[in-house]
Amino acid sequence: MSAAPIDLPRWADTALVPLVSVAAALVVAGLVVLSIGESPLEATALLLKGSLGSLEGLGFTLYYTTNFIFTGLAVAVAFHAGLFNIGGEGQATIAGIFAAIACLWLAPLPGILLVPLAILAAAAGGALWAFIPGYLQATRGSHVVITTIMFNFIAATLIVYLLVEVMGKTGSMQPETPDFPKQAVLTPIHELLGAFGLKLPSTPLNTSFLLALASLVAVWALIYRSRLGYAIRTVGANPRAAAYAGISPARIIMVAMAISGALAGGLAVNEAMGVQHRLVLDFTAGYGFVGIAVALMGRGHPVGVSLAALLFGVLYQGGAELSFDKPTITRDMVVVIGGIVILFAGALDGLFRRLVATLLSSVARKPA
Amino acid sequence: MTSLPPAIALIGISKAFGPVKANKDVSLTIAAGSIHGIVGENGAGKSTLMSILYGFYEADSGEIRVRGEPRRIRSSSDAIAAGIGMVHQHFMLVEPLSVVENIVLGAEGGALLKGGIAKARVELARLSQEYGLAIDPDAIVGELSVGLQQRVEILKALYRGAEVLILDEPTAVLTPAEADQLFELLRALKAQGKTVILITHKLREIMAVTDRVSVMRRGEMVAHVETNRTSPAELAEAMVGRRVLLRVEKSPRQRGAPVLEAAGLTVIDERGCETLRDASLTLHEGEIVGIAGVAGNGQSELLDVLAGLTQPARGVIRLGGKILNAADRNPANLRRLGLMHIPEDRLRTGLVTAFAAAENAILGYHDDPAFGRGPFLSPTLIEQHARAGMQDYDVRPVDPGLKTAKFSGGNQQKIVLAREIERAPKVLLVGQPTRGVDIGAIEFIHRRLIALRDAGVAILLVSVELEEVMALSDRILALCGGQITGEREATTTDERDLGLLMAGVSERAA
Ligand SMILES: Nc1ncnc2c1ncn2[C@@H]1O[C@H](COP(=O)(O)OP(=O)(O)OP(=O)(O)O)[C@@H](O)[C@H]1O
Ligand SMILES: [Mg+2]
């Protein structure tokens, strides 16, 4: 039968519940590690050391975090409008194509123009690829969950065709574009700080990390402080009330999807312009999907998203180091651990909410 | 019959939500086989008390006894096991399922549905016969009227063996005729020895069906009386703590120019039915026009089409003399032109319950430059605005940051009323202005509406309460089957006359 509504104070909802679920995930992951005869404590120590224990490790961790911030925010914005955008992969792919076209076509331009234009092109590409499913849902009622998945496949096929037949580097056996012009490359952070006399090891972390931080603030302002964000949240929470309030749910669905796709485009900016300096196949590497877990765990709030993105950054980088140091813990094992975290933090969330609510109410009652 | 233990005894129940003490040391005894009324102002703590009895909340302190036995009720399954059933104001039914499927839901009695359904069918037939509750077990719940859906809720509770039935504002959503049927049923239940707890704001209903009545005020029980030893005025005074004017006082209207004119409005719903047919009406400045009609005869459609929520199939609407074409007829534009709308179903249409009260205070007005700068909204400005409205309308608690779902039903209604009435409308469309609000608030809302009219606002009033329509309106239009069947000056008509018009006996036909 129906039980009491789960009602938690904000701090518990945004901080305690995710902490409890991550802790539970770590315990289960520890059991998995134990089952193959390794020490969970040692594995955890290696994981943390590999991701946060050195400047190099930290650089890699933040590079991964950048990707997760973009894809997590993308899913979060759509969530607020009541939409489930699982097309981050496809949107980032199209964003990459747009960015590559900009970088290669506008090669004569100086960096100060080329970089912003290429970033805008990426955002526009991602926005376009999310807008179309949004438009189809708003006007035709085709569900974005279905259409964004299909658009992932279309984008994946399109990039193969373009890289092989149209934009590919002549004479290369790899499906990739020629290198972008030098001035289109985003400055690595170690070079940037090197200019101020700080010596840092070379890592893929680049200025798109700053763009990701700016996006966190911008999304917060959009969702919680702007008129448009108010409209987005109204549509997400109660479409009937939105219509009554003169907010067109159809328009908001299209706008929110476009913003969501533009944010997913950030993944292409980091990977293509910041790290690879050209467009390669499969650069999205599943970051778009992990973004769903990041947004769920972060409750759609930019603060939560940034913490969840950092957690996954730690898991990716620390996991890579871990499997390097401990050959028994393979790459696949690390994927399993990541999967356990996603399962616990994303899917089993309600379970932990109830648990925390029960604990809190029994604690609250005791002193009385 | 000698000294049966009371069906329910609540002893010293207290419950606080943060700083709000919803129940303070409340004690209540409910005699077995009686109908017991509970009245009190909005936010007095009635729903909270019943939620504690039904296991939705656990009391901070106090004791619950069922038939003399102390019981711990920590969930609704505990409550059901103790023979307590509840009919929620917002029904908890699965609309695409049939009546009998809804009844067995959660009590299927095994992995295979067939046995449970067959058993339920037999039991349903027995219950229907015993209480004269005619209902088709195979009807799809979503297609039933509100009154019948409520029956399904009651049957569901009885099927689970409820001896005590709690009804929280059951008549707020019913037409007067449906309410009468409900009371017949409650009397039948009582005759079978069941116990009924009835929460309502309508004192008339308390007087009509209850044996005893308890009055709550600000979280406390302030009186328990035998119904036949009290009067509506006395109850009202006990609830509010002062004398309440149960009558509406108004001066003669100062009618001005016509502001809202509709001609030949026809609305066709998605099933292709004409829900409003060729309706024409004119609202003048400074008058209240009431719509009399049995619910479901086109009132909601009339309000929706005038508010721009639906588009008419045919017809012309003029606002301030100008014809509104289809592009102008959207809620945002109409608000800008001074046409405000208090929707009938405020909780689902007029509010986002997941938002803070302050955010709901600007619903529909989030583009107003007064609430921020450029594309941004200012939380401080919004909070100030909300706080002022809440103080004015006596919304309790005055906490703009509190989530709207956490306000009592009546206080949620007041948040919407404050928002729309305080926007200085030229035309105000009002659906069920006093649904769910307490008598003190009814008096206040009626005064506000009269004051608006005196200030020159044109008001269209839709209410299932014929009494309210007659008391507030200057002019009354009767609706039947989507058609306007007659028009009367309020001073020259009575209930009988309107009743005939509402039944479709139009003067033209006669
Ligand atoms: N979950 C909650 N969290 C915080 N406050 C609550 C919660 N539920 C109820 N309250 C507060 O408790 C008080 C009593 O509310 P309750 O719903 O019991 O009133 P009520 O008597 O049923 O009023 P109404 O006639 O308007 O339905 C109100 O001030 C309300 O704001
Ligand atoms: Mg209530």
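The values are calculated or read from the model by the stated rules, or taken from the named source; none is laboratory data. Being a predicted model, the structure only gives us computed values, none of them experimental. Cβ placement follows ideal geometry from the backbone for every residue including glycine, while neighbour counts extend to all protein chains displayed. Just the protein is used for accessible areas: all its heavy atoms, side chains included, with ligands, DNA and RNA removed. Shrake-Rupley method; radii C 1.70, N 1.55, O 1.52, S 1.80 Å.
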By per-residue mean of other Cβ atoms within 10 Å, what is the highest-first order of B:450-462, A:301-313?
-> A:301-313, B:450-462
What accessible area, summed over both chains, is buried at the A-B interface (1.4 Å probe, Å², nearest 100)?
-> 2700
Listed peptides A:37-49, A:168-180 by packing density, highest first (mean Cβ within 10 Å) | A:37-49, A:168-180
So what's the back-of-envelope 222 nm ellipticity for the protein assembly as shown, counting only DSSP H runs of four-plus at -39500 (n - 2.57) apiece and dividing by all residues, rounded to 500?
-> -15000 deg cm²/dmol
Inter-chain Cβ neighbour average for residues B:304-314, partner chain, 10 Å | 1
Once amide H atoms are built 1.01 Å from N in the peptide plane, which residues 5 or more positions from residue B:86, or in another chain, come under 5 Å H to H?
-> B:166
Proximal lysines relative to residue B:250, as straight alpha-carbon distance under 29 Å, when same-chain residues fewer than 8 apart are discounted | B:202, B:414, B:426
Please work out how many pairs of lysine residues in the stretch B:7-151 are eight or more positions apart (or on different chains) and have Cα atoms closer than 15 angstrom.
-> 4
Antiparallel bridges, percent of DSSP beta bridges restricted to the protein assembly as shown (to nearest 5) | 60
FRET efficiency (residue B:105, residue B:27; Cβ distance; R0 35 Å; to 0.05) is 0.50
Applying the span-like rule to chain A (DSSP H, Cα extent along axis at least 30 Å, Kyte-Doolittle mean at least 0.0) gives A:55-80, A:111-140, A:302-325
For residues of B:372-380, the mean tally of beta carbons on other chains within 10 Å | 3
Set of lysines near residue A:182 by C-alpha distance (under 23 Å), chain-local residues within fewer than 8 positions excluded | A:169, A:199
HN-Hα J couplings of the stretch B:168-182 from phi, Karplus 6.51/-1.76/1.60, θ = phi - 60°, integer Hz, Gly and Pro as x?
-> 9, 6, x, 8, 4, 9, 9, 6, x, 5, 5, 4, 4, 4, 4
Size of the stretch A:68-288 along its principal axes in angstrom, Cα-based, largest extent first?
-> 56, 43, 29
Calculate how steeply helix B:439-454 sits against the longest principal axis of the alpha-carbon atoms of chain B, using the helix alpha-carbon long axis, and give the answer as 0 to 90 degrees to the nearest 10.
-> 0
By average Cβ neighbour count within 10 Å, what is the ranking of B:272-278, A:274-280, A:134-140 from highest down?
-> A:274-280, A:134-140, B:272-278
Length-normalised contact order for chain B - Cα pairs under 8 Å, 6+ apart - percent = 15
Relative contact order (percent, whole number), the stretch A:68-288, Cα cutoff 8 Å, 6+ residue spacing = 40
Solvent exposure of the stretch A:68-288 as accessible area per residue, Å², 1.4 Å probe | 40
With the 8 Å Cα cutoff and a minimum separation of six or more residues, the stretch A:1-143 has a relative contact order in percent of 13
Here the whole-number average of other chain Cβ atoms within 10 Å per Cβ of B:350-358 is 4
Leaving ligands, DNA and RNA out of it, report the carbon-plus-sulfur percent of the accessible area of chain A at a 1.4 Å probe.
-> 71
For residue B:126, tell me the accessible area in Å² from a 1.4 Å probe, rounded to the nearest 10.
-> 110
Report, ordered by chain and residue number, the aspartates and glutamates lying within cross-link reach of residue A:49, taken as a straight Cα distance under 15 Å and ignoring same-chain residues fewer than 8 apart.
-> A:321, A:325
With the other protein chains left in place, how much accessible area per residue, in square angstrom, belongs to chain B at a 1.4 angstrom probe?
-> 43
Would you pull out the residues with amide H under 5 Å of residue B:483's amide H, same chain only if 5 or more places away, H placed 1.01 Å from N?
-> B:277
Interchain or sequence-distant (5+) residues whose placed amide H lies within less than 5 Å of the amide H of residue B:222 are B:215, B:216, B:217
With θ set to phi - 60° and the Karplus curve 6.51 cos²θ - 1.76 cosθ + 1.60, what are the ³J(HN,Hα) couplings of the stretch B:130-141 in order, to the nearest whole Hz, using x for Gly and Pro?
-> 4, 10, x, 9, 6, 7, 7, x, 9, 5, 7, 4
Estimated vicinal HN-Hα couplings, Hz - the stretch B:335-351 in sequence order (Karplus 6.51, -1.76, 1.60; Gly, Pro = x) = 4, 4, 7, x, 9, 9, 9, 9, x, 4, 9, 5, 5, 9, 9, x, 9
